[in-house]
Structures are given as structure tokens and as C-alpha cells.
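The values are calculated or read from the model by the stated rules, or taken from the named source; none is laboratory data. What you see is a predicted model; the values in this text were computed from it and never measured. Ideal geometry is used to build each Cβ from the backbone, glycine not excepted, and the neighbour counts take in all protein chains shown.
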Amino acid sequence: SLQIKQPQLQIARSYTPLPPHDNGTIRLLIKKEPGGEMSRYLYSLPEGATVELRGPQIDYAYTPRDLSGERKVVFIAGGTGIAPALQVASSLLGGEGKERAEILWAVRRREETLGAMADEVARLVGRVDPRGVGRLVVRVFVDGEGGIGVRDVEAAVGGGARVFVSGPEGFVGWIAGPKDFRDGREEQGPVGGMVGSVLRKGGDVEVFKL
């Protein structure tokens, strides 16, 4: 992830870049929040303005070999948490291996999945799964249309998978239990939430909260 600094208030926020289109270009997905100081600052800048970045910071270190083989990789993403899911899926599925992945994308409103983000997802699916054999499956869950539930999570991860959960803090806690903070350091914390319910039924499931 990269940190962007807001110089007036001296605050910083971390964002995961989207998969690159070409070398030297960093693209970020930033949702405009009414009470968000950082998003308000960024949306107020004119095109071509300079922002201060810090990083990159490695949130999860892996190589495609770590996630290779027949084992399924599942991303459960809330809102803009789709960005790290797309980034890892892009790296994982970039070759000709047998890896396969599924993204469960939960949003409040269907409008969040339209426009540029719909193009982003379609572009990635077309690149890593051009023959449509199911190497990458993206499923969308809208709060007002039923949302994501335990059965959806169990269908995706049951029987064995490596699971990544990304999104707002409350969403991550709801899906897989909250992270812990000890001595000022962020730790994974025990697995709970919906994923914890699936784990209690058995299966080889490994969880990482982004």
C-alpha cells in the first residue's frame, strides 16, 4: 500500500494501488466520503496537482509460488477493498498455471460497481481468464438486495481455501473478526465472524486480514 499525506492537517491514509496499466503509472481507487478529511482533500485538488506519497509498505508478502497449485484463493472485499483483491489476483493469475480465484465483492449500493470499476473488473477478468474457464470469478453482493451471508462465504471457502479479507475496519471484523492492536502494533487477531463460523465446521482454511 501507499500512504498519501494531507499537508494542512498532517494526516495520512493508506491506499492499495490498482493493477497497473503500464509502467510508471500508479492508480488508486478512492471513494468520496462526506466526512472523510483525506477524500475531501484529494477531490478538491485540480487535475495535475502534486500529492505527497510515502511507501510502498508491504501489507502481505507473497510470491505466486506461495499461492500456486490447486488450492483456491478467495477474496472477500467490502467497497473500495476491491483494490487489493484485484491487485493480488492480477499477480496470482498472470501466468498459465492452474491457480484459480474468486472475489466476493460486497457494496452498499449497486452504483458502486458501475462505471470505471466495472471496466476495471472486466479488464482483469478478460486478461487472466480470456477463455472463460473460471480462473477468476467475481460475485457482487449489494446490501439492499440481500447482501452477503454465511452461506455465500461457506460456498466459496468451504473445503479449503486461502482467504483474504479487505475493506473498512467494521467490514473486516464482521467477515473474519477484528484485528488486534498490541503495544501499538496491528496484529491479525483471532478469526471470527462469518469465516470463523465456516472454520468451526472444519476444512483447511487460511485467513489473512488486509
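Observations, loosely collected:
- Of the criteria (1) touching a residue at least 12 places away in the same chain (Cβ under 8 Å); (2) on the phi > 0 side of the Ramachandran plot, which one ASP183 fails: (1)
- Test: PHE171 is within 26 Å of GLN57 (Cα to Cα) and in contact (Cβ under 8 Å) with a residue 24 or more places away in the chain: yes
- Options GLY144, GLY132: the member that is exposed (fewer than 14 other Cβ atoms within 10 Å of the Cβ), in a helix (DSSP H, G or I) and of a type outside the set (A, V, I, L, M, F, W, C): GLY144
- For the range 174-185, taking the residues that are over 18 Å from the mean Cα position of the chain (by Cα) and not in a loop (DSSP other than H, G, I, E, B), the one that is modelled with the highest pLDDT is identified as ASP180.
- Candidates VAL137, VAL198 - the one that is in a helix (DSSP H, G or I), touching an Asp or Glu at 6+ places or on another chain (Cβ under 7 Å), at negative phi and surrounded by 14 or more Cβ atoms within 10 Å (Cβ to Cβ): VAL198
- Here ALA49 meets the list (1) of a type outside the set (S, T, N, Q); (2) under 23 Å from ARG108 (Cβ atoms); (3) exposed (fewer than 10 other Cβ atoms within 10 Å of the Cβ) almost entirely, failing just condition (2).
- Count of the range 153-191 residues which are of a type in the set (Asp, Glu), over 20 Å from THR80 (Cβ atoms) and touching a strand residue (DSSP E or B) at 6+ places or on another chain (Cβ under 8 Å): 2
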